[in-house]
Structures are given as C-alpha cells and as structure tokens.
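Heads up, the thing below is written out as structure tokens.
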Amino acid sequence: MSTDWTQEYFDDTYRRLFLDTVEPARTRYQVQQLLRLCAVLPGAAVLDVGCGVGRHSIELARLGFRVTGVDMNADYIAACRERTAQLGLKAEFYAMDSRVMKLHVRADLSISLWSSFGYYGEIGDLQILQRVSEHTRRGGHVVVDVENRDYIVKHFVPEEWHENEQGLVCEKRRFDAVGGTVSTRRIVLSGGERCEYRRVLRMYTVAEMAALFEAAGLQPERWCGDYDGSRFGPESKRMIAIAER
C-alpha cells in the first residue's frame, strides 16, 4: 500500500461495486434535500470536492446550477466529463488534489458528500477545508457529509461480508479510540480475481469537526443526522455539518 491509500483504493473495482450501483432516485433525493437545507436556487455556483464519478454534480448541473467538480482520480473525472457531454449539460471537472486546489471559483455552495472527507488526517483535512473556504464566497455555505463517529463506535462491526451480482466483499475493521480512526482491510472477489485494499478514515466528533471548520474560517451553523434535516444525535448514522463562510 502506498503512503496515500486513496491512490489504490478508488479504482475501477470500487467504481463498479460502490459507485455505479447507487440508484439514481437516491441521488436525486439527496440533492433535493441538500438544496432545501441550504436554500440555494438554480443558477448558483456549486463546488463539489471529492465528486467521484459525479452523481451529485451531474444532478446539480441538470437542475441548472453552475457546477465545478474536483476529484483526485483522473479516470473518474474523465467519466464525469463524458457523462455531462452525453446529457448535453455544462459543468467543469478537474483532476487535482483538493488539499492544494486553485480554481477560478467562488461558490455559493461547496459540498463534500457521502464520506468523501477524513482521508488525510487532521492536517490534510484542514488543508482541504481551507481550500474550500477560499473557493466559497462570503455568506456561502459549506456542507460536509460523513458517517457519525458516535454511531460507528456504539454499533461497531469488526467484520462484515456482503455479496451481489458484482462480487463478494469481505471487510475487517479496527477502531483506534486514541487516533479516532477506523482502519479497514477490504478483500474483493470479483470476475475470478482477488483484490485487497486498505483504508484509514478519520472519524470526527462534532467538537472536532467544528474546530476544523473554525480553523478554516468557517462558522458552523447546523448539524443534521441525515439528508432529511433530522436532528443530529448518537443514533444518527450520518453527520451532515453545515457551515457559513
């Protein structure tokens, strides 16, 4: 495994098993709820950090937003560009490290959705939020959507198997209470091949996430337990943090 585990983790297998299998209705719901929570209207500028293959970005572009998507994976970015061209939509996508991104963008809304945050430890994650803050206009909003650490700890699953028509996946997990990280070893059996991946994800408490926001020049406003805007608590599976620039 390389020092940056994301280089190997997010590959074609991950896309096929975990990105391309998301139902379009789920994406549409998440986007509609997000727009309701942040009260932004079509025509606004949106920056999607860690956009993957663009399921949220492309839906936002379809709704009339001026979208810019950023992801480390050049193949995912190529897929975003191809899909928007097929649909006749306008959006900009860039393959770059979000810790050092420099774009001519001042977004009304900047987003990092579906656990696309927490990959680089506190220093690297702060760098991302600082770059996001620089690319968000004053009065604009920043939304970070991650799994709820409290829920993960309370309902921790050290080993899990799941299978679908694409293949068999085994995950073995370890939680480091001191470092606040979940380390995952994932074994994928698919198409007669065996692939192994490792991931280290930093899980933030509300207080820790709020401190990162403030250090990046963002003011935490609201904490939700899901896209429906439900109140955040220990039993919330997700933590959706909304801050103002």
Accessible area expressed per residue, segment 1-108, with surrounding protein chains retained (probe 1.4 Å, Å²): 52 Å²
Net length gained if the chain between A211 and H155 were fully extended (0.36 nm per residue, minus Cα distance): 17.6 nm
Note, ³J(HN,Hα) from phi for segment 136-148, Karplus 6.51, -1.76, 1.60, rounded to Hz, x at Gly and Pro: 10, 6, 4, x, x, 10, 10, 10, 10, 10, 9, 6, 7
About the Cα centre, charge dipole magnitude for the chain (Lys/Arg +1, Asp/Glu -1 at Cβ), debye: 540 debye
Dipole of segment 4-126, positive end: most advanced residue of A91, A74, W114 [Cβ charges, Cα centre]: A91
Estimated distance in nm for a label pair at M96 and R36, the labels positioned 7 Å out from Cα along Cα-to-Cβ: 3.4 nm
Accessible area of the chain belonging to carbon and sulfur atoms, whole % at 1.4 Å probe: 49 percent
Förster radius 25 Å - calculated FRET efficiency between E8 and L168, Cβ distance, rounded to 0.05: 0.80
Where GluC sites (Glu not before Pro) fall in DSSP loop in segment 96-172, at most 12 other Cβ within 10 Å: E165
Lysine pairs with alpha-carbon atoms under 28 Å apart, the chain, spacing 8 or more or separate chains: 4
Sequence-separation-based contact order of the chain, relative, with Cα cut under 8 Å and 6+ spacing, percent: 17 percent
Three-way shape call for segment 64-177 based on the alpha-carbon gyration tensor, with the a/c threshold at 1.5: oblate
Phi to ³J(HN,Hα) by Karplus 6.51 cos²θ - 1.76 cosθ + 1.60 over segment 212-226, Hz, x for Gly, Pro: 5, 4, 5, 5, 8, x, 10, 9, x, 10, 7, 10, 10, x, 5
Centroid-to-centroid separation of segment 30-46 and segment 166-187 [C-alpha atoms, Å]: 33 Å
Karplus (6.51, -1.76, 1.60) ³J(HN,Hα), θ = phi - 60°, over segment 187-192, in Hz, Gly and Pro reported as x: 10, 10, 10, 8, x, x
Amide H contacts under 5 Å for F93, placed H, 5+ residues apart: G69
Average Cα contact separation per residue, segment 84-186, under 8 Å, 6 or more apart, as relative contact order %: 21 percent
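The values are calculated or read from the model by the stated rules, or taken from the named source; none is laboratory data. All figures in this text were calculated on a predicted structure; none of them were measured in a lab. Here Cβ is always computed from backbone atoms with ideal geometry, including for glycine, and neighbour counts include all displayed protein chains. Ligands, DNA and RNA are excluded from the accessible area calculation, which covers all protein heavy atoms including side chains. Shrake-Rupley method; radii C 1.70, N 1.55, O 1.52, S 1.80 Å.
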